[in-house]
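Here the structure is laid out as structure tokens; the discussion comes afterwards.
The values are calculated or read from the model by the stated rules, or taken from the named source; none is laboratory data. Owing to the predicted nature of the structure, the values given are computational and were not obtained by experimental measurement. Methodologically, a virtual Cβ is constructed for each residue, glycine included, from the backbone with ideal geometry; neighbour enumeration extends over all protein chains shown. Note: areas computed on protein heavy atoms with side chains; ligands, DNA, RNA excluded. Shrake-Rupley method; radii C 1.70, N 1.55, O 1.52, S 1.80 Å.
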Amino acid sequence: TVLVDGTATLACLTLACSVEGKHVETVESLEQSGRLSAIQEGFHVKLGSQCGYCTPGYIMAAEGLLRTNKNPSVTEIKDA
């Protein structure tokens, strides 16, 4: 999962040419000045790691959700 213009998007199903000229964010873009984002830190502290594909996807899906909904319900979290 990556954020395309702020929207969570499945990177594995998205053709690169379809995001030309759009703002694409990956999990690496979340750190600032060498510090993990709050979501990245939470996954690290709570040992929320999965595989190298799943964890970045979960982090980016959570980032996308929290940018649009600062206080999501459990159902909204599961849906995201």
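Computed values, structure above
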quantity: Selection count, segment 22-47, where residues are outside any loop (DSSP other than H, G, I, E, B), open to solvent by 80 Å² or more (accessible area, probe 1.4 Å) and closer than 19 Å to THR7 by Cβ; calculated: 1
quantity: Residues (surrounded by 10 or more Cβ atoms within 10 Å (Cβ to Cβ) and more than 17 Å from VAL2 (Cα to Cα)) located in segment 53-76; calculated: ASN69, PRO72, GLU76
quantity: Pick from segment 1-21, criterion closer than 15 Å to GLY64 by Cβ and of a type in the set (S, T, N, Q), ranking: surrounded by the most Cβ atoms within 10 Å (Cβ to Cβ); calculated: THR1
quantity: Of all residues in segment 53-80 being part of a loop (DSSP other than H, G, I, E, B) and among the hydroxyl-bearing types (Ser, Thr, Tyr), the one that is modelled with the lowest pLDDT; calculated: TYR53
quantity: Which numbered condition GLN50 fails, given (1) over 13 Å from THR1 (Cα atoms); (2) touching a strand residue (DSSP E or B) at 6+ places or on another chain (Cβ under 8 Å); (3) modelled with pLDDT under 90; calculated: (2)
quantity: Matching residues, segment 1-21, being touching a helix residue (DSSP H, G or I) at 6+ places or on another chain (Cβ under 7 Å) and either assigned to a loop (DSSP other than H, G, I, E, B) or aliphatic (A, V, I, L, M) (or both); calculated: THR1, VAL2, LEU3, VAL4, GLY6, ALA8
